[in-house]
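K.L.:
Quick one: the structure is below, questions incoming.
The values are calculated or read from the model by the stated rules, or taken from the named source; none is laboratory data. From a predicted model like this one, the values you see are computed outputs, not experimental measurements. Cβ: placed from backbone, ideal geometry, glycine included. Neighbour counts: every protein chain shown.
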Ligand code: NDP
């Protein structure tokens, strides 16, 4: 026998990790996962079972939390929050203690995770648990730095957190660490399949001296989750399916609860023909077979350049043949068990229903296992290329040119992550910004770290977890916002026109003044009842036209900050030249003498955001790899804005300027009560080199415009500063495409320029490893 033959035929011996200590821990703790409320174990009821998916054996019973138990946990969290928020240093010490204890109990946590979830011990031991620990270390630092680095921010209060089963401990860490660091207290609901590592974590909290009520865990199912969503919390942080995310968006609409959603994905894995093919094949093992493909950011859509496709698929298949599937506790296992027979059934059903392409599968043992699967020759629109399978199934297609790769990659409702493989750094770095995704990995995949934000765009949700960018989701500007009074337009008794000449201001769409689709208008009166003119009433069709104009102006987002700054300065210059005229108009409309001040405020806002246009920089995150994660600030896209009623000109400009400074295109619904300042402003825009479609202005009742703006699939964000409280309608309608919203909930806006700039940008983390 040659040495080669020996290597080729050599098999792995079994290398099982013992489950003894973990099972003993469960037995010692009553054999039931239950609530940890106010620092104590609460009810323990065997309402349903938590099984080991690899064997089908029951590991423990699980208590299904009731609405009353959720309320009890929220009350404990509420009581504990003010004291917890007081000292960042004390919080840092507690978070550090948690991290140290998690290190001490790392093996117990890893074994528990593998028993409960079915993931290979190699992954829970080397990835899930160390990353969870890193999260607590990193956020201990944020707790320490909060006072000096975020002096104008404060905790939200009590955060309700709902996590899925695919990374039970890691998702717990991603949720709890930043919330606690920023002075919040939490009520967390683990997924029904995987509550056990959360129990070990609760025990660690007691050992680490976490004050009672700061961390509360309530086990249960979807109903328990829904009860938490409806409880008296200040925020819901959710990770899970897009379907449930949408329900939570609707359920929290108008409640004033902050919301972050980390949802599904169908992330592209793009391999250019100049890629290091062996590395790209190995990368796929991590992209789609890591955690049995039950990963929201899994590289589940393989796009290979046509010239190398056959060679690539051949290499990939032979690599698949060497993947070892089986007992997750065996240290030599690559692919473990699917979390539950329900999930296995879903994967099986989706793959069996497919009639396209060629399917290649390896083998899997009997039980809750699914074989690594590759389906080639799918079209970009195939169901399997569009829908999240959440299993070890890789769907593939080919492309010819880089632009086609980007087009196929972006042909999805999701936007979580993407991988780009090329040895040509120019090509890779040219492709990354064009991908609709919150995270892009160059020549790598599934890299995550506490220092870099994680989260998506489009129907992959909103908000980031990790890094500086993740902290804003757990804080708010300091101070209390005052209730906003509804500002209504002046009316007249007789309606006699002061001027027989018709003065009906049109809408401003695509750089032109446009008649409203409906053909109706509203009179605008001075406080003394004098008719000042008419403004058009915009409708749903006008919104659609404005969105088309925005889309035609997409080039604006690719311009430089330097160019955008110049245009903002030019707007300011032209407004300044006509300052008296605008001031008089405002005084006449509002019956005040604030016009001059308001014009001055508007000019200052233009200068402020012209200044920021080329200075609101991204960051290079220091992640623990040989490389960097570049946090790039990108425009959100098309933003619909209901403008402040009280300040007809300054309100509009204070919202428009940051949005366009960051490269967005906007549809502004002018002040409902005093719209004429905005309609006069068209002339300033026309003479200031603002490209057509970048700024579109509509007039009409905010209540009629809010829902169509919020439900339009091609509007990416809606802001409302209107004195009509339309927050509930907007948040509810936004669930259609899960757009970002920034609404005032009927309160005066408590926001500085950073709040605007942040709302006007998305952070894309581009991971660039280096070295040979
Ligand atoms: P869900 O979105 O249903 O579950 C996520 C979490 O939300 C769980 O804790 C769940 O509880 C809870 N939950 C369920 N319904 C509600 C509700 N109405 N209100 C509040 N909370 C609720 O995901 P599933 O676990 O059911 O998985 C279904 C599919 O979702 C998967 O096949 C996969 O495609 C996708 N998924 C995506 C994830 C991601 O990270 N993007 C993670 C997990 C799943 P419980 O577990 O008790 O049902």
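K.L.:
From the list 155, 143, 110, pick out the single residue that is over 25 Å from the mean Cα position of the chain (by Cα), away from the ligand (no atom under 16 Å from the Cβ) and either more than 21 Å from residue 262 (Cα to Cα) or modelled with pLDDT of 95 or more (or both). It would help to see each step written out before you state the result.
P.N.:
Working: 155 fails: over 25 Å from the mean Cα position of the chain (by Cα); 143 fails: over 25 Å from the mean Cα position of the chain (by Cα).
Selected residue: 110, the only one of 155, 143, 110 that is over 25 Å from the mean Cα position of the chain (by Cα), away from the ligand (no atom under 16 Å from the Cβ) and either more than 21 Å from residue 262 (Cα to Cα) or modelled with pLDDT of 95 or more (or both).
K.L.:
Here's another thing I want to ask about it. Across the stretch 377-403, what is the number of residues that are on the phi > 0 side of the Ramachandran plot and crowded, with 21+ Cβ neighbours inside 10 Å?
P.N.:
Applying the first criterion (on the phi > 0 side of the Ramachandran plot) to the stretch 377-403 yields 377, 390.
Then drop every residue that is not crowded, with 21+ Cβ neighbours inside 10 Å, which leaves 390.
So the answer is 1.
K.L.:
Follow-up. Is it fair to say residue 299 is within 16 Å of the ligand (Cβ to nearest atom), touching a residue at least 60 places away in the same chain (Cβ under 8 Å) and on the phi > 0 side of the Ramachandran plot?
P.N.:
When the stated conditions are applied, residue 299 does not pass them.
K.L.:
Quick one: how many residues across the stretch 733-772 are surrounded by 23 or more Cβ atoms within 10 Å (Cβ to Cβ) and out of contact with any helix residue (DSSP H, G or I) (no Cβ under 9 Å at 6 or more places or on another chain)?
P.N.:
Count: 2.
K.L.:
Also, I was wondering about something else. Sort through 418, 380, 437 and tell me the only one that's in contact with a strand residue (DSSP E or B) (Cβ under 8 Å, 6 or more places away or on another chain), within 16 Å of the ligand (Cβ to nearest atom), outside any strand (DSSP E or B) and closer than 30 Å to residue 348 by Cα.
P.N.:
Going through 418, 380, 437 in turn, the sole match is 437.
K.L.:
Does the stretch 385-400 hold any residues that are outside any loop (DSSP other than H, G, I, E, B) and either within 13 Å of the ligand (Cβ to nearest atom) or free of Cβ contacts under 8 Å to residues at least 40 places away in the same chain (or both), and which are they? Lay out the reasoning, then the answer.
P.N.:
Our first condition is that a residue be outside any loop (DSSP other than H, G, I, E, B); within the stretch 385-400, this holds for 385-386, 393-399.
Within the stretch 385-400, 386, 393 meet the criteria.
K.L.:
Just to be sure, is residue 486 over 24 Å from residue 756 (Cβ atoms) and either surrounded by fewer than 20 Cβ atoms within 10 Å (Cβ to Cβ) or over 37 Å from the mean Cα position of the chain (by Cα) (or both)?
P.N.:
Details: over 24 Å from residue 756 (Cβ atoms): no; either surrounded by fewer than 20 Cβ atoms within 10 Å (Cβ to Cβ) or over 37 Å from the mean Cα position of the chain (by Cα) (or both): yes.
Here the answer is no, as residue 486 does not meet what is asked.
K.L.:
Continuing with the same structure: Would you mind listing the strands (runs of 3 or more DSSP E) fully within the stretch 259-369 where at least 1 residues are buried (at least 22 other Cβ atoms within 10 Å of the Cβ)?
P.N.:
268-271, 301-305
K.L.:
Regarding the stretch 470-480, can at least one residue be identified that is in a loop (DSSP other than H, G, I, E, B), modelled with pLDDT of 90 or more and surrounded by 15 or more Cβ atoms within 10 Å (Cβ to Cβ)?
P.N.:
Checking the stretch 470-480: not a single residue is in a loop (DSSP other than H, G, I, E, B), modelled with pLDDT of 90 or more and surrounded by 15 or more Cβ atoms within 10 Å (Cβ to Cβ).
K.L.:
Still on this model: Being in a loop (DSSP other than H, G, I, E, B), farther than 27 Å from residue 738 by Cβ and out of contact with any helix residue (DSSP H, G or I) (no Cβ under 7 Å at 6 or more places or on another chain): is that true of residue 151 here?
P.N.:
Yes, satisfied.
K.L.:
I would also like to ask the following. Name the residues in the stretch 182-239 that are in a strand (DSSP E or B) and more than 16 Å from the ligand (Cβ to nearest atom), would you?
P.N.:
The first filter runs over the stretch 182-239 and keeps only residues in a strand (DSSP E or B), leaving 185-189, 215-217, 235-239.
Answer for the stretch 182-239, where residues must be in a strand (DSSP E or B) and more than 16 Å from the ligand (Cβ to nearest atom): 185, 215.
K.L.:
With respect to residue 749, determine if the residue is closer than 30 Å to residue 614 by Cβ and either part of a loop (DSSP other than H, G, I, E, B) or free of Cβ contacts under 8 Å to residues at least 24 places away in the same chain (or both).
P.N.:
Here the answer is yes, as residue 749 does meet what is asked.
K.L.:
For the structure I just gave you, tell me whether residue 237 is in contact (Cβ under 8 Å) with a residue 60 or more places away in the chain, on the phi < 0 side of the Ramachandran plot and surrounded by fewer than 22 Cβ atoms within 10 Å (Cβ to Cβ). Steps first, please.
P.N.:
Values: in contact (Cβ under 8 Å) with a residue 60 or more places away in the chain: yes; on the phi < 0 side of the Ramachandran plot: yes; surrounded by fewer than 22 Cβ atoms within 10 Å (Cβ to Cβ): no.
So residue 237 does not fit the description; no.
K.L.:
Identify all residues within the stretch 240-250 that are surrounded by fewer than 20 Cβ atoms within 10 Å (Cβ to Cβ) and more than 8 Å from the ligand (Cβ to nearest atom); write none if there are none.
P.N.:
Selection gives 246, 250.
K.L.:
Would you confirm whether any residue within the stretch 649-665 is touching a residue at least 40 places away in the same chain (Cβ under 8 Å) and over 20 Å from residue 610 (Cβ atoms)?
P.N.:
No, the conditions are met nowhere in the stretch 649-665.
K.L.:
Can you say whether residue 273 is under 19 Å from residue 408 (Cα atoms), more than 14 Å from the ligand (Cβ to nearest atom) and in contact with a helix residue (DSSP H, G or I) (Cβ under 6 Å, 6 or more places away or on another chain), as far as the supplied structure shows? Spell out the reasoning first.
P.N.:
Numbers: under 19 Å from residue 408 (Cα atoms): yes; more than 14 Å from the ligand (Cβ to nearest atom): yes; in contact with a helix residue (DSSP H, G or I) (Cβ under 6 Å, 6 or more places away or on another chain): yes.
Criteria met by residue 273.
This table checks each residue for (1) at pLDDT 95 or above; (2) surrounded by 16 or more Cβ atoms within 10 Å (Cβ to Cβ); (3) closer than 25 Å to residue 110 by Cα.
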residue	(1), (2), (3)
34	yes, yes, yes
41	yes, yes, yes
50	yes, yes, yes
55	yes, yes, yes
64	yes, yes, yes
67	yes, no, no
76	yes, yes, no
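K.L.:
Can you pull out the residues in the stretch 329-350 that are in contact with a strand residue (DSSP E or B) (Cβ under 9 Å, 6 or more places away or on another chain) and within 12 Å of the ligand (Cβ to nearest atom)?
P.N.:
340, 347, 350, listed by residue number.
K.L.:
Now, a different point. Note down all Cβ pairs under 6 Å where the first residue falls in the stretch 401-420 and is closer than 11 Å to residue 380 by Cα, the second is surrounded by fewer than 20 Cβ atoms within 10 Å (Cβ to Cβ) and modelled with pLDDT under 95, and they're at least six residues apart or on different chains.
P.N.:
Here the result reads 408/380; 411/380, each pair linking the stretch 401-420 to a residue that is surrounded by fewer than 20 Cβ atoms within 10 Å (Cβ to Cβ) and modelled with pLDDT under 95.
K.L.:
Run down 293, 264 and say which single residue is in contact with a helix residue (DSSP H, G or I) (Cβ under 6 Å, 6 or more places away or on another chain), within 15 Å of the ligand (Cβ to nearest atom) and closer than 20 Å to residue 119 by Cα.
P.N.:
264
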